1. When you have a sec, figure out the Kirkwood radius of the range 176-265 from all distinct Cα pair distances and drop it here in Å to one decimal?
2. Can you give me the accessible area per residue for the chain, using a 1.4 Å probe, in Å²?
3. Can you tell me the Rg and Dmax of the range 59-111, counting just the alpha carbons, in angstroms?
4. Near residue 174, which aspartates and glutamates are there with a Cα under 15 Å away, not counting those fewer than 8 places off in the same chain?
5. Rounded if a/c is under 1.5, else prolate if a/b is larger than b/c, else oblate: which is the range 1-145, with a ≥ b ≥ c the root eigenvalues of its Cα gyration tensor?
6. Can you pull the percent of Cα pairs in the range 121-238 with separation above 23 Å?
7. Using a simple charge model, +1 on the beta-carbon of Lys and Arg, -1 on the beta-carbon of Asp and Glu, nothing else, what dipole does the range 145-265 show about its Cα centre, in debye to the nearest 20?
8. Give the separation of the Cα centroids, the range 93-163 to the range 1-80, in Å.
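The values are calculated or read from the model by the stated rules, or taken from the named source; none is laboratory data. Since the structure is predicted, the reported quantities are computational estimates derived from the model, not experimental observations. Every residue, glycine as well, gets a Cβ built from its backbone with ideal geometry; the counts of neighbours run over all protein chains shown. In case anyone asks, the SASA skips ligands and DNA or RNA and just uses the protein heavy atoms, side chains included. Shrake-Rupley method; radii C 1.70, N 1.55, O 1.52, S 1.80 Å.
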Amino acid sequence: DRSKLYQMDSSLVFQDKSKAGGYNNSTTENARDFWAFTQFGSNIIATNGADNIQKFEEGVDSAFSDLVSLKAKYIAVIRDFVVAGYTTESSTVYNQRVKWSGINDSSTWTPSQSTQSGFQDIVGTHGNLQAIVGGESFGIVFFEKAIYRMDYVGTPLVFSISKISDNVGAFAPKSVASFGNMIFFLSQDGYYKLTGGQQLTPIGNGRIDNFFFDDLSSNLDGITSAVDPNNSIIVWSYRGSGATGTSDINNKLLIYNYAVDKWST
């Protein structure tokens, strides 16, 4: 949550596993810090952009601790690497940077040919880095107005990063949801599906996009998504017309069934 990390025990009770002092997430609307999680081996890795990247080794650690003196908004695992995005290093913010750990070593982050740790600034007019989706073969990096693919090529480059979409990106970071070889996300002009890391399909054009943008009222960085694979659906939560209460409470669900290519609310 805003200041702590928890682990659910066998009695379904959440136990505080925060590092000493807790965390410093911003709660200011449109500038909030949300947690992102991934797993690398037995390590649960968490990051929020405001504190150093955290790790919790299952069966060993009793609390989270700093994995590395590095802050990042987004984190994922691509092949044998932990990959962080939108980093803060020595108080300098790199909003278009991807940075990766050593191969098979989530604790090593100093750029080195021997460990294969490194980074790349994907500089352009495509806005901030918004999300990273990992995978066993390649990774996908979303910006506000572009999408890039990361392919492992070994030393000296380690990763080859190529653009697969221009002027289409992630409008809201937490709108990005993946299942299998499909990634679903909200762009500036509507909802899309990216298949196999290369085929981009507008799934909301002429169907739901105009309705959604007309209905969307506020809480833009609070647009969130989740996958329900048992029912083959992606669900997006957002704040739309008729919402009451504080401005960060959503009141609408938009549902896409990818098995039958149909929408519902």
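1. Details: mean 1/r = 0.0741 Å⁻¹.
The Cα-based Kirkwood calculation yields 13.5 Å.
2. Details: 12580 Å² over 265 residues.
Dividing the accessible area of the chain by its residue count gives 47 Å².
3. Using the Cα atoms of the range 59-111, the pair Rg, Dmax is 11.7, 35 Å.
4. Straight-line reach from residue 174, under 15 Å: 29, 33, 144, 221, 248.
5. Numbers: a/c = 1.78, a/b = 1.28, b/c = 1.40.
In terms of gyration-tensor shape, oblate.
6. Working: 1989 of 6903 pairs.
Value for the range 121-238 (Cα pairs over 23 Å): 29 percent.
7. Numbers: 9 positive and 10 negative charges, 28 e Å.
Using only the charged Cβ atoms, the result is roughly 140 debye.
8. Measuring centre to centre over Cα atoms gives 20 Å.
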